[in-house]
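*Asks:* Below you'll find the structure I mean.
What follows is calculated from the coordinates using simple rules that are stated; it is not laboratory data. These figures come from a predicted structure and were not determined experimentally. Note: ideal-geometry Cβ built from the backbone for every residue, glycine included; neighbour counts use all protein chains shown.
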Number of protein chains: 2
Amino acid sequence: MTQRRPTSFDIAALAGVSQPTVSRALSGNPSVSEPTRARVLAAAEQLNYKVDKNASGLRRQQSRTLALLFFEERSADGALINPFYLSMLGPMVRKCATLGYDLLISFQQLSSDWHVDYEDSRKADGIILLGYGDYLEYQPLLQRLVERGTHFVRWGPAGGVQFGATVSSDNEQGGFDATQHLLQVGRRRIAFIGTAEPAYPEFLDRWGGHCRALRASGMEPDERLRADAEPSEESGRAAVADLLGRGVEFDAIFAASDVTAIGAMHALQKLGRAIPQEVAIVGFDDIPAASLSSPPLSTVTQDARGAGEALVEALIEAIELGAARSRVLPVHLTVRESSRPA
Amino acid sequence: MTQRRPTSFDIAALAGVSQPTVSRALSGNPSVSEPTRARVLAAAEQLNYKVDKNASGLRRQQSRTLALLFFEERSADGALINPFYLSMLGPMVRKCATLGYDLLISFQQLSSDWHVDYEDSRKADGIILLGYGDYLEYQPLLQRLVERGTHFVRWGPAGGVQFGATVSSDNEQGGFDATQHLLQVGRRRIAFIGTAEPAYPEFLDRWGGHCRALRASGMEPDERLRADAEPSEESGRAAVADLLGRGVEFDAIFAASDVTAIGAMHALQKLGRAIPQEVAIVGFDDIPAASLSSPPLSTVTQDARGAGEALVEALIEAIELGAARSRVLPVHLTVRESSRPA
DNA sequence: CGCGGCTATACATACGTATTCACCGCGCTT
DNA sequence: AAGCGCGGTGAATACGTATGTATAGCCGCG
C-alpha cells in the first residue's frame, strides 16, 4: 500500500530514457528535445512523481526556501504579533509559491543565536526579518548576518546604518495625507499622539509628514499638541488624559497607530465628546478592528499585499543577484466616519 | 570570505575522530563515549558547524518539517485569514521548535492538487489543515490523503466521517456557558444569531449548548428567537433587523461569532438600544476587536495557545507513532461590559 | 566521401549525512 | 590460558538528484 516513492530512475525507465534526461526535462533544460520532454512529463504524471526536495537541495547546495523570522518583543505567551505582519503573511506565501520557493516560519528571542541556524543548516537561502525596527540593539545582529554573507531583508524604515535591503511604507507621506485630510475637513488644532522614542522609528516619519502638511497650510507644528503614546489602547487613553490635563484644546487627533486611536476614541466618548463632530480622528495601519469600531475609524492604510510581495521579491533578488534595492511603498488614506465633515 | 561551509568531515578531522563518530555524537547516540562526544561538540562549536538539513533529510528519508495549510475560502486577495488561526501561529511555531521540527506555511485553493506536493516531494512529514471544516466537498480530498498514507490533522469539529485526528474547541460547552451566564444576569429572552448551515459545523454545537443551558433552567428553546447569520459584520446587523422586523422581543443576544456580535451591537446602538442595559450581548471567539469595541464585548475565549500546541502534538504523534488521538479543548467565558448585570 | 560541427542523450560523479557491518582491544569466565 | 562478549570506533555505502564530460547520430560542405 505505501509502496516505494518513485525516483527519477523509475521515470527514466518508464519513458525509455536515462535519469539525467529526466532531470533535465523536468527542469526545463533546453537541450532536451520536445518529444522526449513530453514523454518524460507524461511518465512523471503517471507515477505521481515529485522531485525530492532534499536530494535536489543537497545537489544544488541550496534549499529554495525562505525563512520568515518574527521578532518577539513580548517575552512569553505573545499571541501579540503585530496584526499588520499577519496580514502580510498570505501575500508572502503566495509570492513565494509563484517564484518557486517555500516559506519557513519562526519566532525568535533577541538573545538566541538564530543567525547561525537558518543559513548554516541550509534550511533557508535567506531570511525575512519582521519586527526588527531600527533599535540599536539589533545592529550587532545585522552586522553579524552581513559578515556571514547571509541574505536578508527587513521591514521598516531604513534608519541609520543601512544593513541589507529594506522594505517599508511611505510613513512620511501617510502622515502628510492624514493631516492634510483633517485640515481639509476644517480642523485647525490637530493633536498628534505617538512617541518620539527611537523604538518606533515609523512614528518619527509620520510626525514629519504631519508637520509638512501643517506648514504647507501656513501653520507651525505646536509641541503642546503632541502627546507620547506607545501602540496600545491604554496608552491612547492616557494620551488624551494627558492632553486634557494640560488644558490643551484640540478639534482633531492624528494617532500614529490604530490601537492608540481607538484608545483615544474611547477616552473621548467616555467624556461625552462627540466623534467626529467635536473631535475628528485619524489613525494609522488599518487593522481589522478599525472598520469595526464605532464610529468606524479613518486611517492610513498600508499596502499589506504589496509589502509582502516586495519583501519576498527583494529577498530573492538578493539571493539570486547578490544584492537587492530597498523599496518604499505608497500608502492610502481610508476615510471613514471618525473624520467625516460635520 | 564566504569560505566553504564546514562538513562533518571537518569536525571529524579537528576532533581527531572519524565522520561517523561525529554524526553519532551529535545525534546523541549512546555508543559514543562521553570524552569523545565532548571533543566533537567542542569542535562543532568552534567551526560553527550545523548539520546540513538536506543531506540529513535525504539520508533519513524525512524532512523534520511540518506543513501548515490554510484553506482559503475567499478567492483572490484574501488578507481574510481567520484571526483565530493567526493567533495559533505563534504557539504552533514554538511547539514545533521545541520538538525539533520546522514549520512550512502554505495557502491552497480547493481545486489544486496540493495533496501530492508536500509529502511526495518530501518537503514535510505531515500536514496541519486549517479552514477545512466539515464541508462535504472536502471529504474526497481527505480520503485521498488517507489513501496515500499522508499524515495530517485538522482543526474543527470531527463531524461525520472521521478522517485522521481532529483538534477542536468544546463548542457545545462554550454555548452552554454563554447562555448560562446570560440567564444568571437575569435575561430570559435570549436571541441566538448564527447559521444552521453545515458550512459552519461549530455553530451547530454552539446552538446545542445554548439549548442545553435553557433546558437546564427549565426553559425551552424558541425557534423564533433564532436568526441566521454568517460570520460577518453586515450579517450580524441584518440578523438584528430580521428579528426586529419579525416583531420578536429579546433582552439578550448570544452570537455564534464575534464579528456577528459586533455587527448586532452596531445595529442596536444605531436604534438607540442601550447595551447592556436593554440588550446584553455575548459573542464567541475573542478576536482582538472584541476587547476594543465599545462597550467591550463579552465572549467565549478559545484557547489559541492550547489549540496550536495540540495540533502540533497530534501531528507529530501521528508521524512518529502512526496514529494520533483527537483532542477537544476547554473554552473560557470572558465577561466584559456588554453583558454586565445592570 | 570524409570530416567538422551540432544536437540529443548517456555515463559517471559529487553533494553531506546516517547507518550497517566489521574490527579491535580489553576484561571476564571456565 | 584460551575463548567470548562488549564497548567504542572506523570503513564502506546508499539516499536521489543535477551537472560536467563523453559519445552517438546527423547534416552540410568542400
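*Asks:* Do we have B:L204 as more than 21 Å from B:V331 (Cα to Cα) and assigned to a helix (DSSP H, G or I) here?
*Replies:* Working: more than 21 Å from B:V331 (Cα to Cα): no; assigned to a helix (DSSP H, G or I): yes.
Against the criterion (more than 21 Å from B:V331 (Cα to Cα) and assigned to a helix (DSSP H, G or I)), B:L204 does not qualify.
*Asks:* Kindly provide the set of residues from region A:238-269 that are of a type in the set (V, I, T), within 14 Å of another protein chain (Cβ to nearest Cβ) and in contact (Cβ under 8 Å) with a residue 60 or more places away in the chain, ordered by number.
*Replies:* Matches in region A:238-269: A:T260 only.
*Asks:* Keeping to region A:31-49, report how many residues are surrounded by fewer than 11 Cβ atoms within 10 Å (Cβ to Cβ) and either within 12 Å of DNA strand D (Cβ to nearest atom) or touching a residue at least 24 places away in the same chain (Cβ under 8 Å) (or both).
*Replies:* The first filter runs over region A:31-49 and keeps only residues surrounded by fewer than 11 Cβ atoms within 10 Å (Cβ to Cβ), leaving A:31, A:34-35, A:45.
This time we only want the ones that are either within 12 Å of DNA strand D (Cβ to nearest atom) or touching a residue at least 24 places away in the same chain (Cβ under 8 Å) (or both), so: A:31.
Summing the residues that are surrounded by fewer than 11 Cβ atoms within 10 Å (Cβ to Cβ) and either within 12 Å of DNA strand D (Cβ to nearest atom) or touching a residue at least 24 places away in the same chain (Cβ under 8 Å) (or both) in region A:31-49 gives 1.
*Asks:* Only one of (1) in contact with a strand residue (DSSP E or B) (Cβ under 7 Å, 6 or more places away or on another chain); (2) more than 16 Å from A:L182 (Cβ to Cβ) is not met by A:A261, so which one is it?
*Replies:* Going through the list (1) in contact with a strand residue (DSSP E or B) (Cβ under 7 Å, 6 or more places away or on another chain); (2) more than 16 Å from A:L182 (Cβ to Cβ), A:A261 breaks only (2).
*Asks:* Just checking, which of B:G272, B:G308 is of a type in the set (G, A, S), within 14 Å of another protein chain (Cβ to nearest Cβ) and surrounded by fewer than 23 Cβ atoms within 10 Å (Cβ to Cβ)? I'd like the intermediate steps shown before the answer.
*Replies:* Numbers: B:G308 fails: surrounded by fewer than 23 Cβ atoms within 10 Å (Cβ to Cβ).
Testing whether each residue is of a type in the set (G, A, S), within 14 Å of another protein chain (Cβ to nearest Cβ) and surrounded by fewer than 23 Cβ atoms within 10 Å (Cβ to Cβ) leaves just B:G272.
*Asks:* Within region B:275-296, can you find the residues that are touching a Lys or Arg at 6+ places or on another chain (Cβ under 8 Å) and within 13 Å of chain A (Cβ to nearest Cβ)?
*Replies:* Start the filter on region B:275-296 by keeping residues that are touching a Lys or Arg at 6+ places or on another chain (Cβ under 8 Å), which leaves B:276, B:279-280, B:284, B:290-291, B:295-296.
The answer is B:A290, B:S291, B:P295, B:P296.
*Asks:* Give region B:227-237 a look and list any residue that's surrounded by fewer than 21 Cβ atoms within 10 Å (Cβ to Cβ) and more than 14 Å from chain A (Cβ to nearest Cβ), or say none.
*Replies:* Correct list: B:D228, B:E230.
*Asks:* Are there any pairs, at least 6 apart or on different chains, whose C-beta atoms fall under 8 Å, with the first in region A:6-17 and closer than 9 Å to A:V40 by Cα and the second near DNA strand D (Cβ under 9 Å from one of its atoms) and not in a helix (DSSP H, G or I), and if so, which?
*Replies:* Listed by first residue and then by second, the contacts come to A:I11/A:Y49; A:A12/A:S18.
*Asks:* Would you confirm whether any residue within region B:9-19 is surrounded by 16 or more Cβ atoms within 10 Å (Cβ to Cβ), away from DNA strand D (no atom under 12 Å from the Cβ) and not aliphatic (A, V, I, L, M)?
*Replies:* yes
*Asks:* Checking the structure you have, find out if any residue of region A:190-200 is touching a strand residue (DSSP E or B) at 6+ places or on another chain (Cβ under 8 Å) and part of a helix (DSSP H, G or I).
*Replies:* no
*Asks:* Are any residues in region A:13-38 outside any loop (DSSP other than H, G, I, E, B) and either near DNA strand C (Cβ under 7 Å from one of its atoms) or within 14 Å of another protein chain (Cβ to nearest Cβ) (or both), and if so, which ones?
*Replies:* Of everything in region A:13-38, those that are outside any loop (DSSP other than H, G, I, E, B) and either near DNA strand C (Cβ under 7 Å from one of its atoms) or within 14 Å of another protein chain (Cβ to nearest Cβ) (or both) turn out to be A:Q19, A:P20, A:T21, A:R24, A:L26, A:P35, A:T36.
*Asks:* Ok, one more. Give A:V279, A:V248, A:V312 a once-over and let me know the one that is under 28 Å from the mean Cα position of the chain (by Cα) and of a type outside the set (K, R).
*Replies:* Being under 28 Å from the mean Cα position of the chain (by Cα) and of a type outside the set (K, R) holds for just one of A:V279, A:V248, A:V312, which is A:V312.
*Asks:* Let me ask something else. What tally of residues in region A:51-69 results from selecting those that are surrounded by fewer than 19 Cβ atoms within 10 Å (Cβ to Cβ) and not polar (S, T, N, Q)?
*Replies:* Adding up the residues that qualify gives 5.
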